[in-house]
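These notes are about the structure you will find just below.
The values are calculated or read from the model by the stated rules, or taken from the named source; none is laboratory data. Worth saying up front: this structure is predicted, and the values here are computed from it rather than measured. We place every Cβ from the backbone using ideal geometry, glycine too, and count neighbours over all the protein chains shown. Quick note on the areas: whole protein, heavy atoms, side chains included, nothing else; ligands and nucleic acids left out. Shrake-Rupley method; radii C 1.70, N 1.55, O 1.52, S 1.80 Å.
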There are 2 protein chains.
Amino acid sequence: MQTTGDQHLVKKINKTIVLEAIKKESPLSRAQLSEMTGLNKGTVSTLVSELIEEKLVYEIGLGRSSGGRKPVMLLFNKTAGYAIGVDLGVRYLLAVLTDLDGKIVSERQVELERSEAGYVLPVLANTVRSLADAAPDSPYGVVGVGIGVAGIVDDKGTVLFAPNLEWRQVELQRLLAEELELPVTIGNEANAGALGEMQYGAGQEASDLVYLSVGTGIGAGIVVGGRILPGTGGFAGEIGHTTIEQNGRKCSCGNKGCWEQYASEKALLEAAKPLGVERLGKLVELAESGSTEAIRLFHEVGESLGLGIANIVNTLNPDLILIGNQMTRAEPWIRSSIERVVTSRSLPFHRKQAQIRFASLDTHSTVLGSAYDAISAFFSKDRISL
Amino acid sequence: MQTTGDQHLVKKINKTIVLEAIKKESPLSRAQLSEMTGLNKGTVSTLVSELIEEKLVYEIGLGRSSGGRKPVMLLFNKTAGYAIGVDLGVRYLLAVLTDLDGKIVSERQVELERSEAGYVLPVLANTVRSLADAAPDSPYGVVGVGIGVAGIVDDKGTVLFAPNLEWRQVELQRLLAEELELPVTIGNEANAGALGEMQYGAGQEASDLVYLSVGTGIGAGIVVGGRILPGTGGFAGEIGHTTIEQNGRKCSCGNKGCWEQYASEKALLEAAKPLGVERLGKLVELAESGSTEAIRLFHEVGESLGLGIANIVNTLNPDLILIGNQMTRAEPWIRSSIERVVTSRSLPFHRKQAQIRFASLDTHSTVLGSAYDAISAFFSKDRISL
DNA sequence: AAACTTTGTATATCGGTTAAACAAAGTTTT
DNA sequence: AAAACTTTGTTTAACCGATATACAAAGTTT
C-alpha cells in the first residue's frame, strides 16, 4: 500500500524543506529558516548541522545584525557534486556538465552521422565519460546522468519508439547504466524541457505550465501542480498528433490533420520550399530583411500554433504556455499571430490566466532539464519529493 | 511554506491509511490491517480503537480462524453520517442523500421552470433541506452538501459563468453555506462526474482517467494520479471548445469548429431535425426500430466523438476514457464508431493503454461525485488526503 | 555602562511508532 | 484429552524526532 508515516518520514520531510529553502533563498540564517518554515529553532539547528556534515550546506560567515547577535549565513553547496544532462536530438547530441544548481560547467556538442543505436550509444557514452572526467573534484562526484530523448519513453527508461532516430525498443537506461556505472534517468525531450524551464528558466513562477517543444514535430511537457504529468504509461504529451482539421494534411503517423503538420518547424520549412529556403535560420534572415513572403509564412505558422495552444488553454487551464525548441528563434515573427489566435479561440476566463512566453533557456531547456532530472534523483534518495 | 512534519502528521497519515483500508477491503481484522499496511500491530490497535471511539468503525464479530485465535472483524460504519449530492443541470435539479459509502438513501428530482439564481437558489435550498430532514439519526448527521454545476466554477465556489443557466458571478458556495448552515462544496459537473465514476462507478481501477460529460455541450473531468486536475483557476476541462476543424461550424463561444459542435447531444439533435426528432430518446427509438438514417446520424456523432477522444488519448495518455451524461444512452449505436476512429487516430502505444467505456452510474455520476466531494471534505478535516 | 535584541544551542517533555513480550483464544498433533 | 503449536490483539519499554523553554553568546541602542 502507501508509505506509512514514522519519525524518519517526518525528518525526511523537514530536511527536504530546509534544504530546498536554502537552495532557493540563500544566503539564509538558521533563525530565518525557522521563521519561514515554521519549524522550531532547535529542529532547524539539528537539520542544518546534518546538512553541513553531508557537505550539502556550508556557513559563509556572519550577516548583518538587526539589533542583536549577527546571524551565521548558510549557503547551498552547489559544488558538492555534478550532474550530466544530455539532449539526444535528431542529428546531434548536446551534453552538459552542471553543478547541483544547474550551472553549466562544461559542454559538448556532437553531430551524429548515423542514427542506429549501435552507432549512437558508444558516442553518447564517450561524450558522457569525457564530461565526467572534466568534473572538478567534489564530495559526491558525478551524481547521475539525465537524458532527454525525442521519442516515446516508458517509465523503465526504454525508448519504445523514436521516429527521428528510427529507434524501437532500445533499453537505453539499462544499457547506459551498465556501461557508465552511474545512475541514469531517461525522459522525454519535451518533459525534460518543461523541467528545465520550470527550474532554471521562464517557468519558475508557474505551477501549471505546458512546455511546447516545437521542432521537427511538436511535443508537450505538461506540468500540473509543479509536477510532470506522466500519463499511465509515461507517455503523455504527444500533442503534435492531435487533430485540428478532420480531413487535413496527411501525417507520418498515418493520420490526417495533425497539428504538427501545420505548426511545426518542419511544416514551416515545407511551406518555405518555394522560396528556396531549407533551414529556419535562412527564413528568419529573409524575414529580417523584409521579405513579405517570409513574414507571411511565419504568420501562418503562428496562427496554427495559436490554434493548438488555445486548445491546450481550454482543456488544461494552465497559467503558462512556453514555446521551446527551434521555433523560439521565430519569436519576433510569430508572437503576435499566436497571441491573437489564442485570444480569439480560447474562453475568456481561461485566456485571462494563461501567459504565453518563449523558452528562456533557448536550445538548453532539454539539456538542463535532463541534468535536473539526475540531480533530483540524487536528492530523492534520502529525501522526499516535494 | 509547505506543511512541515511532526508526530501529528504521522498519525494523520497512518489513521487515514487504516480507515481507507477498512473502507475498501472490509471486513478486516487488526492483524490483517497490520499485515497489509506495514504498520505495527500495536499502532493499528490504537488507531482502530480511536476510530471506534469516533464511531467510524465498528466490530462485527469474530471471523474464521486460520489455525489460531479468531480475528475480530472490523467494518466501516457507513451510516455514521450522511451526505447530500446535487446535480444542478439545465432544466432540472437532481439531488440525493447518501450514506458515507455513497449508497443512495433518498432522492429528489425537480424540474426548474426558470433559470435565474433568484428562482433556483430557494428551490435548491428547499430540496436540500427536505433531504436533510429525511436523513436517519446518526452520530455525525448530514456532513455536507456537494453541488455539481454545469459551468465554470472557481476555487472559492463562485459560479463564474454557466451558459445554460445564464448565470454570471453567482457566489453559490457562500450563499448556500449561509442559508443551509452546512458545509457546502461546489464543483464543475464534469469533475463531479469523474469523481463519482472513479469512486463508485466504472473508474474504480483507473488512476488516470478522463470523464467526458457529453450533453448539451462537452465537458471533461480529468483525473491524474487519482486526483482531479483543476488547472490554475480551477477550470480545466472545457474541452468541448477545442477546435477540431479550423474553419468549421460556428459555436456559441464565438469560435469556429469547436468539438461540441460535432459530437455533443445538441449537435446530434441538430442533425436529426430533418427527421422530425427533437429528443435523444426519440432518436434512440428510431435507431432501435431500424431506421438507417438515425443509425447513420449516431455513427457520425460517434466518429466525431472518437476524433476528440483520440486527441485526449495522445495528449494525456490516460488508461480510461469514460463517456457520461446523456450520450450514454446512445452506447449501442456509437460505441463501434468511437472505437474505430480512436484506434485509427491515436498513436499505437497510447491506444493500447486506453480503454473506452461508458459511465456505469448513468445519470447519477455527477450527483454521486458531488456527494463524494462533501464526504471527502468531511474526512479531510482531521485526516490527510491520500 | 546598562538595557534590550537577536541568534543559536542545550535540555526536558511530549507524542507517536516499533519491537518484543505476553495473554487470550484458537487449531493440530499425539 | 492433553500437549504443542498458531494466530490475534494488547501491553510495555525503548527510541526518535519535534517542540517549548531556558540560556549563553554576541550584537545594538539608550
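The table that follows gives values for the structure above.
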item	result
Exclusive hit being at pLDDT below 95 and among the acidic types (Asp, Glu), set A:278, A:285	A:278
Residue list for the stretch A:71-101, filter: within 16 Å of DNA strand D (Cβ to nearest atom) and either among the hydrophobic types (A, V, I, L, M, F, W, C) or modelled with pLDDT under 95 (or both)	A:72, A:73
Hey, residue A:40 touching a residue at least 12 places away in the same chain (Cβ under 8 Å), polar (S, T, N, Q) and within 13 Å of DNA strand D (Cβ to nearest atom) or not	no
Exclusive hit being on the phi > 0 side of the Ramachandran plot and either touching a residue at least 40 places away in the same chain (Cβ under 8 Å) or not in a helix (DSSP H, G or I) (or both), set A:248, A:290, A:281	A:290
Lone qualifier among A:59, A:53, A:25 - being within 16 Å of DNA strand D (Cβ to nearest atom) and in contact with a helix residue (DSSP H, G or I) (Cβ under 9 Å, 6 or more places away or on another chain)	A:59
Residue within the stretch A:61-68 that is more than 9 Å from DNA strand C (Cβ to nearest atom) and either touching a Ser or Thr at 6+ places or on another chain (Cβ under 6 Å) or among the hydrophobic types (A, V, I, L, M, F, W, C) (or both) present	no
Qualifying residue in the stretch B:82-96 (condition: touching a Gly at 6+ places or on another chain (Cβ under 9 Å), farther than 30 Å from residue B:217 by Cβ and more than 16 Å from DNA strand C (Cβ to nearest atom))	yes
Residue check, residue A:366 closer than 27 Å to residue A:85 by Cα and more than 14 Å from chain B (Cβ to nearest Cβ)	yes
Test result for residue A:239, surrounded by 21 or more Cβ atoms within 10 Å (Cβ to Cβ), β-branched (Val, Ile, Thr), more than 18 Å from residue B:345 (Cα to Cα) and outside the structural domain of residue A:126 (by TED's automatic domain parsing)	no
Any hit, the stretch B:264-279, residues being buried (at least 24 other Cβ atoms within 10 Å of the Cβ) and within 12 Å of chain A (Cβ to nearest Cβ)	no
Restricting the stretch A:1-51 to residues that are part of a loop (DSSP other than H, G, I, E, B) and more than 8 Å from chain B (Cβ to nearest Cβ), the residue that is surrounded by the fewest Cβ atoms within 10 Å (Cβ to Cβ)	A:3
Within the stretch B:321-380, helices (runs of 4 or more DSSP H) holding 2 or more residues that are open to solvent by 50 Å² or more (accessible area, probe 1.4 Å) and either under 21 Å from residue B:279 (Cα atoms) or touching a residue at least 12 places away in the same chain (Cβ under 8 Å) (or both)	B:331-345
Subset tally (residues that are within 20 Å of residue B:333 (Cβ to Cβ) and at the interface with chain A (Cβ under 8 Å from one of its Cβ atoms)) for the stretch B:348-363	0
Any chance residue B:82 is farther than 25 Å from residue A:3 by Cβ, out of contact with any Ser or Thr (no Cβ under 9 Å at 6 or more places or on another chain) and not basic (Lys, Arg)	no
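Rundown of residues vs (1) farther than 30 Å from residue B:33 by Cβ; (2) at pLDDT 95 or above; (3) in contact with a strand residue (DSSP E or B) (Cβ under 9 Å, 6 or more places away or on another chain), yes/no style:
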site: A:8; (1), (2), (3): no, no, no
site: A:18; (1), (2), (3): yes, yes, yes
site: A:21; (1), (2), (3): yes, yes, yes
site: A:40; (1), (2), (3): yes, yes, no
